[in-house]
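**Student:** Would you mind keeping the following structure in view while I ask a few things?
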Amino acid sequence: MPYVYDPMNIFARILRGEIPNKTLLDTPHSLAFHDIRPQAPVHVLVIPKGPYVNFDHFSADASDAEIVDFTRAVGEVCRLTATCPGDGDGGYRLISNAGDAGVQEVPHLHVHVLGGRVLGWMVQRFE
């Protein structure tokens with residue numbers, strides 16, 4: 001499937017420095033920043049710096065260095081925000097939406113790291 005990346009999406013503009021953000025972590029291939037509309041006490045977005053639309057695009061086309069860096073950046077965000085389960089009452093949820101049915105709002109791969117409270121079920125049970 002050909003992926004069409006929109007270089008004017010908000011995350012691309014953040015990466016170019018056109019829109020400010022509250023950076024938590026900046027690595028060679030990834031950027032993590034606090035969400036401007038947090039849905040939990042901890043709500044951080046982690047994005048690759050490359051032009052990837054969603055996770056399947058990233059996993060197919062990103063370099064090994066980009067994949068390792070992104071994966072480690074997500075883990076480091078969990079440590080930096082003290083949401084790791086080993087940190088007392090910690091715990092976190094990772095969410096990455098893809099496509100229309102997945103309710104993806106920004107066409108740039110991003111992972112939401114949510115924590116700081118009990119988050120409840122991910123979705124309504126389907127029966």
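**Student:** Please determine, by comparing only the residues of the stretch 52-75 that are of a type outside the set (Phe, Trp, Tyr) and buried (at least 17 other Cβ atoms within 10 Å of the Cβ), which one is nearest to residue 92 (Cα to Cα).
**Tutor:** Selected residue: 74.
**Student:** Sort out which residues of the stretch 106-127 are in a loop (DSSP other than H, G, I, E, B) and modelled with pLDDT of 95 or more, and write them in order of number.
**Tutor:** Selection gives 106, 107, 108, 109, 110.
**Student:** Report the residue count in the stretch 36-92 for those that are in a loop (DSSP other than H, G, I, E, B) and either farther than 21 Å from residue 108 by Cβ or among the small types (Gly, Ala, Ser) (or both).
**Tutor:** Looking only at that region, the number is 16.
**Student:** OK, next. Scan the stretch 85-98 and tell me whether some residue there is surrounded by 12 or more Cβ atoms within 10 Å (Cβ to Cβ), β-branched (Val, Ile, Thr) and either without any contact (Cβ under 8 Å) to a residue 24 or more places away in the chain or out of contact with any Phe, Trp or Tyr (no Cβ under 8 Å at 6 or more places or on another chain) (or both).
**Tutor:** So far as the stretch 85-98 goes, yes, one or more of its residues are surrounded by 12 or more Cβ atoms within 10 Å (Cβ to Cβ), β-branched (Val, Ile, Thr) and either without any contact (Cβ under 8 Å) to a residue 24 or more places away in the chain or out of contact with any Phe, Trp or Tyr (no Cβ under 8 Å at 6 or more places or on another chain) (or both).
**Student:** Here's something else I'd like to know. Among (1) within 30 Å of residue 121 (Cβ to Cβ); (2) without any contact (Cβ under 8 Å) to a residue 24 or more places away in the chain; (3) over 15 Å from the mean Cα position of the chain (by Cα), which single condition is residue 59 missing?
**Tutor:** It fails just one condition, (3).
**Student:** Do we find a residue being within 20 Å of residue 103 (Cα to Cα) and either aliphatic (A, V, I, L, M) or under 14 Å from the mean Cα position of the chain (by Cα) (or both) anywhere in the stretch 11-19?
**Tutor:** Yes.
**Student:** While we're here: When you scan the stretch 22-38, how many residues do you find that are touching a Leu at 6+ places or on another chain (Cβ under 8 Å) and either free of Cβ contacts under 8 Å to residues at least 24 places away in the same chain or under 24 Å from residue 63 (Cβ atoms) (or both)?
**Tutor:** 7
The values are calculated or read from the model by the stated rules, or taken from the named source; none is laboratory data. Just so it is clear, the model here is predicted, and its values are computed rather than measured. Heads up, the Cβs are rebuilt from the backbone with ideal geometry, glycines too, and the neighbour counts pull from every protein chain shown.
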